[in-house]
Amino acid sequence: MSESTTDAATTASDDDAVAAASSSPGLSRRGLLGLALGGGVAGLAVGVGAGVAGGVALGRARAAEEAQTAYDFFGAHQAGITTPVQEHLHFASFDMMPRTDRDDLISLLQDWSYAASRITQGLEVSATGAVGGDAEEPPDDTGEAQGLPAAGLTITIGFGPSLFENEDGDRYGIADRRPQALERLPPFVGDDLDPAHSQGDLCIQACADDPQVAVHAIRNLSRIAFGRARLRWSQLGFGKTSRTTSAQATPRNLFGFKDGTANILADDAKALEQNVWVAVSDEPGWMAGGSYLVARKIAMLIETWDRVRLSEQDAIIGREKGSGAPLSGGDEFTEPKFSGTAIDANSHVRLAHPDQNDGIRILRRGFNYVDGNNELGRLAAGLFFLSYQRDPQQFIALQKRLSTDLMSEYIRHVGSGIWAVPPGAASGSYVGAGLFA
């Protein structure tokens, strides 16, 4: 199954899943070494939040159906962009190791693609898996996803600006292939960025409807990278804050407001072509069918926000907290009217709306996060913002427009990164193959 703009999901049979995974040549010797030695990688943990109260039979049936959903890793576009947004995220940024060469980078992308083609079908990273190999050797798979279904897992891989050239020069002979649009984002008002939680040579976005499946993906892809790339930083997310299909209800962020009402949807082919997918006519040609990913870790000042009266919260956002309707009237999906005074000129809705930004749109795919608490006993929580756009200038223009956003008083941008996301891989090939052609 290849991913299309409708992102039709299938539940792969065991035979189909094996066939899809086996179409790739398998792990390189370096990848197998990573599996053997990757026990040195720090253990990863995730806290699983409380489930939906009530345990209604219909809800259980729907959850079971989502758990069985499998998306093909191969296709015209990478999965995890227009795919129906899942409930959980594990995002990871990697740096290539010193003294690695072009062959190391290619073999890593091949090994990641092979493993991803298997685990997205509910299989283990190799045929021997967690318990099928030599008992006197470390297993190929860490094993925490044994018995779990695919859970709608998608793996999306991106290339950062520093992969093409950094202080060490053109490490991999690809500097002349760097997309001109792929530059580090400029400073924005409200930035308080932590370098340790920003940027990276490579990134992997793992989304799934089971948090353990998403963590298993990043954990094993990190092990496979052993000796070639190291984990720079990572982020767990839960509770999607946008929707990509009309069948999905608009979710809420940690401020309690519906988020992503006007997001680009997977069945809007025209909007995707104009705003998300890199065109054949764009440069460079190897990026055609790909996109550009921006990640922003946005800390929310939860306790301060919680003391703001409801009417002021509505005014800051420009929508009613309960219904999600614009303050100019109607329901959630009514187009806001900016001609009157109902919606503040510096409200979030007004400043971010396409009508106020020359029609600029982006595809949002964010998640809530809670990283425990800080030294003051306040929640270290917020929004892990992810957006896909045909050109990074779309995001830059919108972010500059938000410099006077009333919501800025209650948020801080603490992490940032940008990556070129190549088109999907053909069956038997690997993500980014066009870059090295």
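Each reported figure results from applying straightforward, stated rules to the coordinates on display, with no laboratory input. Here the structure is a predicted model, which is why all the values come from computation and not from measurement. Methodologically, a virtual Cβ is constructed for each residue, glycine included, from the backbone with ideal geometry; neighbour enumeration extends over all protein chains shown.
Helical runs (DSSP H, four residues minimum) scored at -39500 (n - 2.57) apiece and divided by the length of the chain put the mean residue ellipticity at 222 nm at -6500 deg cm²/dmol.
A Förster radius of 22 Å combined with the Cβ-Cβ distance from E283 to N357 puts the calculated FRET efficiency at roughly 0.35. Taking only Cα atoms, what is the 0 to 90° angle, nearest 10, from helix 57-68's long axis to the longest principal axis of the chain? So the inclination is approximately 50 degrees.
Which number do you get for Rg(Cα) / (2.2 N^0.38 Å) in region 131-202? Numbers along the way, then the final one.
Values: Rg = 19.4 Å, N = 72, 2.2 N^0.38 = 11.2 Å.
Cα Rg divided by the expected 2.2 N^0.38 Å: 1.74.
Expressed as a whole percent, how much of the Cα-Cα distance distribution for the chain exceeds 33 Å? Across the chain, Cα pairs with separations above 33 Å total 33 percent. Just checking the listed ones, E144, E136, E183: in the Gaussian network model of the chain with Cα springs under 10 Å, the one fluctuating most is E136. Put in order of Cβ neighbour count within 10 Å, fewest first, the listed residues S28, S323 become S323, S28. For region 386-431, the alpha carbon convex hull comes to 93 Å³ per residue, rounded to a whole number. Seen against the Cα atoms of the chain and their longest principal axis, helix 211-224 is set at about 50 degrees.
Each label was represented as a point 7 Å from its Cα along the Cα-to-Cβ direction; for E167 and Q274 these points are 4.4 nm apart.
Can you give the percent of C-alpha pairs in region 278-342 whose distance is more than 14 Å? All intermediate terms of the calculation are to be shown ahead of the outcome.
Values: 1482 of 2080 pairs.
Tail of the P(r) past 14 Å holds 71 percent of the pairs.
Taking every alpha-carbon pair under 8 Å whose residues sit at least 6 apart, the chain reaches a relative contact order of 23 percent.
Neighbour counts of other Cβ atoms within 10 Å put Y292, Y410, Y369 in the fewest-to-most order Y410, Y369, Y292.
Two-decimal Rg/Rh of region 238-326 from alpha-carbon positions, Kirkwood Rh? Spell out each step's value before the answer.
Details: Rg = 17.0 Å, Rh = 15.7 Å.
Rg divided by Rh gives 1.09.
Taking a point 7 Å out from the Cα of R307 in the direction of its Cβ, the residues of region 396-429 whose backbone N falls within less than 18 Å of it are 407-412.
Against the main long axis of the alpha-carbon atoms of the chain, helix 102-119 sits at an angle near 80°. Phi-derived couplings, Karplus 6.51 cos²θ - 1.76 cosθ + 1.60 at θ = phi - 60°, listed residue by residue for region 187-192: x, 10, 4, x, 5, 9 Hz, with x used for Gly and Pro. Note on region 354-417 and region 314-350: Cα centroid distance 19 Å, given to the nearest whole angstrom. In plain terms, the residue of V431, V370 with the fewest other Cβ atoms within 10 Å comes first and the most crowded comes last, giving V370, V431.
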